Amino acid sequence: LVKNQDRVLSRDEIMQALRGLDADIYSRAIDVLVSRLRQKLQHPGLIRTVRGQGYQLVNR
């Protein structure tokens, strides 16, 4: 997300980027990871969900 600020990334694109981490990644797992990122960032609005498309890191 950081390398693609303001661009909507689909779950598939995010999964492809994470595949090199030696982990089984499932589509719903991306939702959980994004939720955890939002909590850690303490600014939930930084990562925007674009319904039917994916996620976007908003450049403030």
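The values are calculated or read from the model by the stated rules, or taken from the named source; none is laboratory data. Keep in mind the model is a prediction, meaning the values are calculated, not measured. Ideal geometry is used to build each Cβ from the backbone, glycine not excepted, and the neighbour counts take in all protein chains shown.
Overview of values
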{"read-out": "Hey, residue 12 assigned to a loop (DSSP other than H, G, I, E, B) and either touching a Gly at 6+ places or on another chain (Cβ under 7 Å) or modelled with pLDDT under 90 (or both) or not", "value": "no"}
{"read-out": "One residue from 55, 26 being modelled with pLDDT of 90 or more and hydroxyl-bearing (Ser, Thr, Tyr)", "value": "55"}
{"read-out": "Output for the stretch 31-47, where each listed residue is surrounded by 14 or more Cβ atoms within 10 Å (Cβ to Cβ) and charged (D, E, K, R)", "value": "38"}
{"read-out": "Verdict on residue 46 being modelled with pLDDT of 80 or more and under 10 Å from the mean Cα position of the chain (by Cα)", "value": "no"}
